[in-house]
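Quick notes on the structure that follows.
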Amino acid sequence: MGTATTAELSLGAAVDLRCAHCGLEAVAGEARQVDGALYCCAGCETAAAIIRQSGLGGFYALPERRSSRVEPSGRSFAEFDHEAFQQAHVRATAEGLLETTLYLEGVHCASCVWLVERVPMIVPGAVRAELDVTRGVARLAWDPRKTALSAVASALDRLGYRPHAFRGRRADDARRAEERAMLTRIGVAGAIAGNVMTIALALYSGLFSGMEREFETYFRWLSFVLVTPALFWPGRVFFTSAWQAVRNGGLHMDVPIALALAAGYVQGAFNTWRESGPIYFDAVGTLIFLLLVGRYLQHRAQRSAADSAALLGALAPATARVVEGGTVREVPSEAVLPGMLLEVRAGDTLAADGVVERGASSLDLALLTGESRPVSVREGERVFAGTVNLSAPLRVRVEEAGMTSRLGKLLRDVEEGARERPPVVLLADRISGYFIATVLVLAFVTAAIWWQRDHFLALDNAIALLVVTCPCALAMATPLSFTVAIGRAAGRGILIKGAHALETLTGRGTLFLDKTGTLTQGRMLLEEFTGDVSARPLVLALEQHSRHPVAAAFAVAWPEVAVPEATEVQETLGGGLRGVVAGREVIVGRPQWVASQLGADAVHAEWRANPRLTPVHIAVDGAVVAQAGFGDPLRAESREMVRGLQRAGWDVRLLSGDAPSVVAAVASELGIAADHAEGGASPERKREAVVTARADGTVVMVGDGVNDAAAIAAASVGIAVRGGAEASMAAADVYLAHGGVAALSELFDGARRTTNIIQRNMLLALGYNGIGVALAMMGVIDPLFAAVLMPLSSVTVVLGAWQGRTFARGRA
């Protein structure tokens, strides 16, 4: 590595100030120049050195690269080598290797996949690395005789991909095995279908131009030999499913599919044996392949429940600091048990529920409860896993850990809500049962009517009816329209996980909106400042000694103000700061605390605070000279969005964990009635409100935090906004990727248009089936012609879904 120069670079110099690693503009004073290359920070310099020393310089030739600074944690990740972690997350392979799955922060694009999967070239002893970029999940394999998991994790951290324990490994392994089996069946069925279709093309050509008898016989038997394994291996899933349905006294789509496949195969085999009549093997092979593809796509769409559990579990920290006999050691969070004493430093996330035994601090509860303001805690008060310690160290005695913690119970609520089948799906299942029963009865009636005239003709007509009414078009009408709509919505930054969400959003009902991070920006900002502006540098001088969110908000609001030095700085938890700046005594804090420091009974009456804002008073040399108001500002689009939904007939309500006074003020600004705004709602209360409202109709929940996750999962449709907790995103049915709620109106309009297209496609499919049934029962079409007609209905539905106007084309 070359010598790093950290001297300030002139912003006016004629040099490219973009970082050679991440491409961001380097800030003068932080830029580092190494061997002629400029880096914006030490993290990017280290990552670049690792990449080049490992012979991976091709990374910088990739067309798309990550565009964010590398900020390694500097941790040793020794907890990954702990016995408890190894038992919970690591498994041995037949080759003598160890495997695990980790969740990586900072995964963005294809270059991340390229780099992560070349970790074996960086760490001797690492054998494999596979990255699922859509979920940020990496599967690693290493030789324990040559390296440890902590070394691999440390290398990933230095490259900018901070690793965390992935708690859904076992479920993920089972899901991957199931998907491999499905893809294998699809591959076999596809290969067979392609060959059988090629042979069928030759046979169809022979119908018009003639074919020698021995070649026709050979092609018939070859088709029979090829399609037989397709029916009894990949196609077995349809017969197994149909048999289970019949045994349970029910009917679903697999019953007529199995009958049609079996009838076509048996009749084709019989015609092959007697060397006369159509053989249907091409239709059988193609049907098996296409139906398996559809089933795989449906399976992929149903993965959200498992992802919800894994991502919500990842919100808890991977490690905890346990105090034992006067010493402190880090252990995996899985090893934390009730009764242990934890040390929680400022900036750490709590790993378990418990009681504060020593210390006093303020906690950020925004993700867990929705409270936008930090909450003070002291000895004897309860604290919860998933909350962040902001200002001072705490010693916490563990009461509940893991799945018994409050976060763990929310996880179970999310899983139950994600698995629940919406009423519209249950109704569709019942309707399909009636349709299938009708088809079976009509096939039996057709065979009975024609049996007296000709046995073979009766069987042909019944098979033609089963084939022509094969529920492919009917089954495709809804999911295909939804698939096209979901794809176009994704281009608009609206990510929809399930088709039922779009269908549900076409109706009317109750719409619950969270406040913090959903209607508001989700961060504390200085919104009002009244008084002497010359006090600003004095305030910043004190606040730079604090880690409180108010201090950060002051710094963001006044970046251009020069900051003098402060001495004798004292911080009072829950009160504020006082100190000496340029010989002047300065006090900044809550109004009541400032008044007590000044020895006054009350603060001047003219300092009035907006009820939505948190007031902070500034006193200089014994007198209050200014007031600052801090709040979580409303997003610019929130007011118009609420009005639009109200005009569309939705009952819009505000449901927030923030203080009732703040929630009431926000509701007033948005035009929401006071009795439709509830503040101070815990995660459990939010879920209860949603469940209660669902008894009266459709409920939509829009939120962004862990405190919203259970309510989002329990709602008819859950919507998460960008910038929120991954738990709410995983539990939600819809994710608004561009942040804020401006896309809500587009989502509701697109859902309505999608439903209209689905209704049109359903009418086309049912009309086709009605005509096909009539023609088959009259003997107008035979099974071969039915096999030709059947895909035409599917093509019609495909074109109808593709050409339909659901969401606008192109990117938002």
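The values are calculated or read from the model by the stated rules, or taken from the named source; none is laboratory data. In this text, all values refer to a predicted model and were calculated from it rather than measured experimentally. Don't worry about glycine lacking a Cβ; one is built from the backbone with ideal geometry, like all the others, and counts go over all protein chains shown. The accessibility values were calculated without ligands, DNA or RNA, using every heavy atom of the protein model including side chains. Shrake-Rupley method; radii C 1.70, N 1.55, O 1.52, S 1.80 Å.
Could you list, in sequence order, all residues of the stretch 48-83 that are open to solvent by less than 70 Å² (accessible area, probe 1.4 Å) and part of a helix (DSSP H, G or I)?
48, 49, 50, 51, 57, 58, 59, 60, 78, 79, 80, 81 - these are the residues of the stretch 48-83 that are open to solvent by less than 70 Å² (accessible area, probe 1.4 Å) and part of a helix (DSSP H, G or I).
So which of 258, 245 ends up being at pLDDT 80 or above and in a helix (DSSP H, G or I)? Working first, answer last.
Details: 245 fails: at pLDDT 80 or above.
Only one candidate qualifies: 258.
Considering only residues that are in a helix (DSSP H, G or I), modelled with pLDDT of 75 or more and either open to solvent by 10 Å² or more (accessible area, probe 1.4 Å) or not aliphatic (A, V, I, L, M) (or both), which ones fall in the stretch 451-461?
451, 455, 457, 459, 460, 461
Here's the yes/no breakdown for (1) touching a residue at least 60 places away in the same chain (Cβ under 8 Å); (2) part of a helix (DSSP H, G or I); (3) within 30 Å of residue 581 (Cβ to Cβ); (4) open to solvent by 40 Å² or more (accessible area, probe 1.4 Å):
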{"position": "611", "(1), (2), (3), (4)": "no, no, no, yes"}
{"position": "616", "(1), (2), (3), (4)": "yes, no, yes, no"}
{"position": "619", "(1), (2), (3), (4)": "no, no, yes, no"}
{"position": "629", "(1), (2), (3), (4)": "yes, no, yes, no"}
{"position": "645", "(1), (2), (3), (4)": "yes, yes, no, no"}
{"position": "652", "(1), (2), (3), (4)": "yes, no, no, no"}
{"position": "662", "(1), (2), (3), (4)": "yes, yes, no, no"}
{"position": "669", "(1), (2), (3), (4)": "no, yes, no, yes"}
{"position": "675", "(1), (2), (3), (4)": "no, yes, no, yes"}
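If I go through the stretch 135-167 residue by residue, how many of them are within 17 Å of residue 50 (Cα to Cα), without any contact (Cβ under 8 Å) to a residue 60 or more places away in the chain and either open to solvent by 50 Å² or more (accessible area, probe 1.4 Å) or not aliphatic (A, V, I, L, M) (or both)?
The total comes to 1.
From the list 483, 510, which residue is more than 22 Å from residue 800 (Cβ to Cβ) and either in contact with a Gly (Cβ under 8 Å, 6 or more places away or on another chain) or among the hydroxyl-bearing types (Ser, Thr, Tyr) (or both)?
510
Scan the stretch 102-134 for residues that are more than 13 Å from residue 163 (Cα to Cα), part of a loop (DSSP other than H, G, I, E, B) and open to solvent by 50 Å² or more (accessible area, probe 1.4 Å) and jot them down.
Once the filter is applied, which keeps residues that are more than 13 Å from residue 163 (Cα to Cα), part of a loop (DSSP other than H, G, I, E, B) and open to solvent by 50 Å² or more (accessible area, probe 1.4 Å), the stretch 102-134 yields 108, 117, 118, 124, 133, 134.
Examine the stretch 89-99 for a residue that is of a type in the set (Val, Ile, Thr) and within 27 Å of residue 68 (Cα to Cα), and state whether such a residue exists.
Of the stretch 89-99, the ones of a type in the set (Val, Ile, Thr) are 90, 93.
Still in the list and also within 27 Å of residue 68 (Cα to Cα): none.
Looking through the stretch 89-99, none of the residues is of a type in the set (Val, Ile, Thr) and within 27 Å of residue 68 (Cα to Cα).
List pairs: first in the stretch 83-98 and under 14 Å from residue 333 (Cβ atoms), second modelled with pLDDT of 90 or more, Cβ under 6 Å, 6+ apart or cross-chain?
Sorted first by the residue in the stretch 83-98, then by its partner, the pairs are 89/100.
The rows are residues; the columns are (1) at pLDDT 75 or above; (2) aromatic (Phe, Trp, Tyr); (3) open to solvent by 30 Å² or more (accessible area, probe 1.4 Å); (4) farther than 30 Å from residue 166 by Cα.
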site: 249; (1), (2), (3), (4): no, no, yes, yes
site: 273; (1), (2), (3), (4): yes, yes, yes, yes
site: 323; (1), (2), (3), (4): yes, no, no, no
site: 328; (1), (2), (3), (4): yes, no, yes, no
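For the stretch 385-401, give me the residue count where each residue is farther than 23 Å from residue 576 by Cα and open to solvent by 50 Å² or more (accessible area, probe 1.4 Å).
Of the residues in the stretch 385-401, 3 are farther than 23 Å from residue 576 by Cα and open to solvent by 50 Å² or more (accessible area, probe 1.4 Å).
Could you list all residues from the stretch 634-683 that are within 15 Å of residue 514 (Cβ to Cβ) and among the acidic types (Asp, Glu)?
Scanning the stretch 634-683 gives 658, 678.
Determine, yes or no, whether residue 442 is aliphatic (A, V, I, L, M), within 25 Å of residue 256 (Cβ to Cβ), at pLDDT 75 or above and open to solvent by 20 Å² or more (accessible area, probe 1.4 Å). First the steps, then the outcome.
Working: aliphatic (A, V, I, L, M): yes; within 25 Å of residue 256 (Cβ to Cβ): yes; at pLDDT 75 or above: yes; open to solvent by 20 Å² or more (accessible area, probe 1.4 Å): yes.
Yes: the conditions hold for residue 442.
Can you give me the number of residues within the stretch 187-222 that are modelled with pLDDT under 85, over 17 Å from residue 268 (Cα atoms) and in a helix (DSSP H, G or I)?
5
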